[in-house]
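Student: Next up is a structure, given as structure tokens.
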Amino acid sequence: MSVIPVEVLKKAHRKLAEYHYELRPVERGYANRTLYINLSDMTIEEKPVTEEMKRIFTGGRGFALWLLWNAVKDDTRWNDPENELIIANGPLCGILSYPGTGKSTVVTISPLTNLVIDSNVGGMVGPYLKGAGFDALEIQGKADRDVIIVIDGDTGTITIEEAPLEEPYAHLLGRALTEMYAKNEADKRNIAVVTAGHGAEFSRYGMLNFSWYDLRRKEVRFKQAARGGTGTVFRDKRIKAIVVRKSGFTAKSNNPAKPELIRKASQRINKEIVELDDKQNQMRKVGTPYLVGIMNDYDLLPVYNWQYGMHEDAHKISKIVWMGLFTQGVPDGCHYGCMLSCSHGVDHFHLRTGPFKGDVVLVDGPEYENAAGLGANLGIFDPNAVLELNFYCDTYGIDTISFGTSMAFAMECYQRGILNRERTGGLDLTWGNIDAVLETLHQLARGEGFGLIVGQGVRWMKQFFVETYGADPDFLNDIGMEVKGLEFSFYVTKESLAQQGGYAIANKGPQHDEAWLIFMDMVNNQIPTFEDKAEALHYFPMWRTWFSLHGLCKLPWNDIEPADNAFQPEPHKVPEHVENYCWLVEGMTGVPTTPDDLILSSERVYNFQRVFNLRRGSGRREHDYPPYRAVGPVTVEEYESRRERYDKQLKEEIGVDPEGLSTEEKMRILREHRMKRYDQLLDAVYERRGWTKDGIPTLETLRRLEIDFPDVVRVVKKALEETGR
């Protein structure tokens, strides 16, 4: 594909709007204002951040939810002009000396779920946006042509520019815009870009790429705000890219109240990383794909649309393979200064398909989710195929998790005879058919063929296959791995009741960043009772929410641990690292902070988001059930593959002798038992969280958390009246 010179691209730009603002220093982690842009009328304005906003919503996801709540109506759809796309950082975002502090959160109404989606992302956009003077960027309306938003934090200038020539392939566009807006090579590090891609225009799960400039490789690299269709909304608004410039950004740019506390926490964890990472998870050599082998060993690696949890070929896409493919010995942090450096890449990868066939590219990744979802769950155990899929998902702007889950669902429908070559347009969707999966992805990016169907997600496909092909809706609901419309990320949860709840109760849908309790529950048996599980499903979702309020990555919390962590009270919480975060908050804001304070701040935002779901027509018990495959065996083959385990459970847990029973009868008894236990879990979790039996936060809970705003109370009262409570 020919590439248009940057000079030609820039010459074709036309300024549609310009705004000048006063440059002010960040104070104690806050810029104390947000930026509002309406693309329908080209309005650009500043909004103040109030002390109440900071006290109740903290920052990051909290700010974004509050802004969106006040911008939309109860019935606003994802593609209505009034829907907003919001990027928010947080008071700890941009510390730089502490690992994992480069994150921001994207919030919008999701095309997949019709609920609020939040997606946490790295790169330098979040720190630079704050350095430029804003705690959040709020975009509303729709442009009538493709535009680029440029925020220049050096000059205090914001422009909206028509951008007619750039092709929205992320790897080309990010590179071109970095070169276009940088003054010279050294200045490229001061530019960060947000892009989507061609595929985001045709899929309900389009995603966003957030850039940083790799100084060693001299390459623009990306992390992804991938979940729930953020990129789809981005392209629906006719945004081609967002460019943020901020030079001279350092660890001091946040102007912390007590910098000595931040130094204390940073020195402690960075010392641990240097001394212990290579003995623990080797994040700096391989990153999250270290999990592939572990998940396979414990029957937790999804294979063939979660039918199975292990495969004999899993070693072909496991840790040692990726360690050999990833370039070693270069800094791989996705923001400057991150010592954990887990953002690995494969240099000089030769593409063999698609519009860039024959090109040699840098592939960012894969993460564990991509190795599992684009690999094992599709029956693909070729690392080069996983890398090719990873690259094209990124440059097309396609969420790898939703694509992998949607593709697996389609492939099982092909296995079961619901689909055939005629219905797929000639595609042979047998497990492991690499070429068919790649062709489906390329079709999706072109907006054509069966790829366009896969691009609508599992929930949409279930309805389409029932209405068009007469498929059994009960069976499709059992095997379609989505909750609330969001596709599952890649862990087998059949033997972890707590993880089933962690996925299905989650506000945005089944995403591992909210609760990952498999090992505590299934492997270590640390939470054996319903009360134990409920406590874990209170603490850990609140704790993980906390990271998205402050602009943080959760990996430095527990993917590197102090040497004596196993001997600490509640080692699963990594108490020394929790102490670090208390120091960071006090160091930045000047306010003494305890672990309970951290959880309270998250409870406010978490419950507010639950009420937002109620406002959107969800947020009740009926919406918190997983597909049965997440709970137990759907097919005879699944049961028989673990027959010894299931027969033993029937005898010891249920008191039923499996001898002489058919597999179908054993499956029925097991299903009744497991769903009864799941209902008991919901009861326990709701009670612990201060919710009704229907999953609605009580008015007492709203008052305790100080989120009893009139509009919030109105929504909850209406929901309570509808349930007769």
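Student: If N is the number of residues in the range 394-533, what value comes out of its Cα radius of gyration divided by 2.2 N^0.38 Å? Working shown, then result.
Tutor: On the way: Rg = 16.7 Å, N = 140, 2.2 N^0.38 = 14.4 Å.
Dividing the Cα Rg of the range 394-533 by 2.2 N^0.38 Å gives 1.16.
Student: In whole Hz, what ³J(HN,Hα) sequence does the range 12-23 give by Karplus (6.51, -1.76, 1.60; θ = phi - 60°), x for Gly and Pro?
Tutor: So the J values, rounded to whole Hz, are 7, 5, 9, 6, 9, 7, 9, 9, 10, 9, 7, 7.
Student: Would you mind computing the Rg to Rh ratio of the range 537-596 from its alpha-carbon coordinates, Kirkwood style for Rh? Walk me through the intermediate numbers first.
Tutor: Details: Rg = 11.7 Å, Rh = 12.2 Å.
A ratio of 0.95.
Student: Where the Cα atoms of the range 615-707 are projected onto their three principal axes, how long is each span, largest first, in whole Å?
Tutor: So the three principal-axis extents are 57, 26, 16 Å.
Student: For a label point 7 Å from the Cα of Thr327 along Cα→C-beta, name the residues of the range 360-375 whose backbone N is under 11 Å from it.
Tutor: Those under the cut-off are 361-364.
Student: Can you sort Phe63, Phe608 by how many other beta carbons sit within 10 Å, fewest first?
Tutor: Phe608, Phe63
Student: Given the Cα-Cα distance of Lys357 and Asp597 and 0.36 nm per residue of separation, how much length would full extension add, in nm? Provide the component values of the computation, followed by the final result.
Tutor: Numbers: separation 240, 0.36 × 240 = 86.40 nm, distance 5.26 nm.
Result for the pair: 81.1 nm of gain on full extension.
Student: Fully extended, how many nm does the chain gain between Asp428 and Phe464 (0.36 nm per residue separation, minus their Cα-Cα distance)? Please list the in-between numbers first.
Tutor: Numbers: separation 36, 0.36 × 36 = 12.96 nm, distance 1.95 nm.
This chain segment gains 11.0 nm when fully extended.
Student: Any idea what the dipole of the chain comes to, in debye rounded to 20, about its Cα centre with Lys/Arg Cβ at +1 and Asp/Glu Cβ at -1? Walk me through the intermediate numbers first.
Tutor: Working: 87 positive and 104 negative charges, 315 e Å.
Roughly 1520 debye for the chain.
Student: Hey, can you grab everything whose amide H is under 5 Å from the amide H of Gly345? Only 5+ residues off in sequence or another chain; H modelled, so Pro and N-termini drop out.
Tutor: Amide H to amide H, under 5 Å and 5 or more residues apart or across chains, Gly345 pairs with Thr327, Gly365.
Student: Ordered by residue, what ³J(HN,Hα) values in Hz, to whole numbers, does the range 416-422 give under the Karplus form 6.51 cos²θ - 1.76 cosθ + 1.60, where θ = phi - 60° and Gly and Pro are x?
Tutor: With the stated coefficients, the range 416-422 comes to 8, x, 6, 10, 8, 4, 5 Hz.
Student: Can you compute the modelled spin-label distance between Gln280 and Lys183, with each label point 7 Å from Cα toward Cβ, in nm?
Tutor: Using points 7 Å along Cα→Cβ, the separation is 4.1 nm.
Student: Less than 26 Å apart at the alpha-carbon level, and either on another chain or at least 8 residues along: which lysines does that give for Lys11?
Tutor: Counting by Cα, and skipping residues close in sequence, Lys11 has these lysines nearby: Lys142, Lys183, Lys188, Lys218, Lys237, Lys240, Lys246.
Student: In whole Å and largest first, what semi-axes does the C-alpha gyration tensor of the range 253-393 yield when each eigenvalue is scaled by 5 and square-rooted? If you can, show how the numbers build up before the last one.
Tutor: On the way: eigenvalues 199, 80, 32 Å².
Equivalent ellipsoid semi-axes, largest first: 32, 20, 13 Å.
Student: Taking the square root of 5 times each eigenvalue of the Cα gyration tensor, what semi-axes in Å does the equivalent ellipsoid of the range 1-90 have, largest first?
Tutor: Numbers: eigenvalues 177, 81, 37 Å².
Semi-axes (√(5λ), whole Å): 30, 20, 14.
Student: Using square roots of five times the C-alpha gyration tensor eigenvalues, list the equivalent-ellipsoid semi-axes of the range 6-245 in whole Å, biggest first. Don't skip to the end; give the middle numbers.
Tutor: Numbers: eigenvalues 110, 94, 60 Å².
Semi-axes from the Cα gyration tensor: 23, 22, 17 Å.
Student: For every other residue with a beta carbon closer than 12 angstrom to the beta carbon of Leu552, add +1 if it is Lys or Arg and -1 if Asp or Glu, then tell me the sum. Intermediate results must be reported in sequence, preceding the final value.
Tutor: Numbers: positive: Arg61, Lys103, Arg544, Lys554; negative: Asp513.
Net local charge, Leu552 excluded: +3.
Student: Moving on to the next point. If you split all Cα-Cα distances of the chain into 20 Å bins from zero, what percentages do you get per bin, shortest first?
Tutor: Result, from short to long distances: 18, 55, 25, 1 percent.
Student: Under a crude label model (7 Å from the Cα following the beta-carbon direction), how far is Glu659 from Asp347 in nanometres?
Tutor: The modelled label-to-label distance comes out at 6.6 nm.
Student: Can you list the lysines whose alpha carbon sits under 23 Å from that of Lys666, skipping same-chain ones fewer than 8 residues off?
Tutor: Output for Lys666: Lys494, Lys648, Lys651, Lys676.
Student: All other residues with a Cβ under 12 Å from the Cβ of Gly231 taken together, and with Lys, Arg as +1 and Asp, Glu as -1, what is their net charge? Write out the running numbers ahead of the final one.
Tutor: Numbers: positive: Arg204, Arg227, Arg235, Lys237, Lys240; negative: Glu201, Asp236, Asp394, Asp399.
Surrounding charge for Gly231 is +1.
Student: If you don't mind, there's one more thing I want to ask. Just to be sure I understand the model, the point goes 7 Å from the Cα along the line to the Cβ. What's the resulting Thr723 to Phe709 distance in nm?
Tutor: With each label point 7 Å from Cα toward Cβ, the separation is 2.2 nm.
Student: Can you list the HN-Hα couplings for the range 175-190, worked out from phi with the Karplus curve (6.51, -1.76, 1.60; θ = phi - 60°), rounded to whole Hz and with x for Gly and Pro?
Tutor: For the range 175-190, the Karplus-derived couplings read 5, 5, 6, 4, 5, 5, 9, 8, 6, 6, 4, 5, 7, 4, 5, 8 Hz, x marking Gly and Pro.
Student: Okay, next question. Net charge near Ile380: determine it from the other residues with C-beta under 12 Å of the C-beta of Ile380, scoring Lys and Arg +1 and Asp and Glu -1.
Tutor: Numbers: positive: Lys316; negative: Asp313, Asp382, Glu388, Asp435.
Residues close to Ile380 contribute a combined charge of -3.
Student: Taking 0.36 nm per residue of separation and subtracting the Cα-Cα distance, what length does fully extending Ala71 through Ala257 add? Let's see the in-between values first.
Tutor: Details: separation 186, 0.36 × 186 = 66.96 nm, distance 3.29 nm.
Stretched fully, the Ala71-Ala257 segment lengthens by 63.7 nm.
Every number in this text was worked out from the coordinates using simple rules, so none of it is lab data. As the structure is a computational prediction, the values presented were derived from the model and not from experiment. Because the Cβ atoms are built from the backbone with ideal geometry, glycine has one as well, and the counts that use them run over all protein chains shown.
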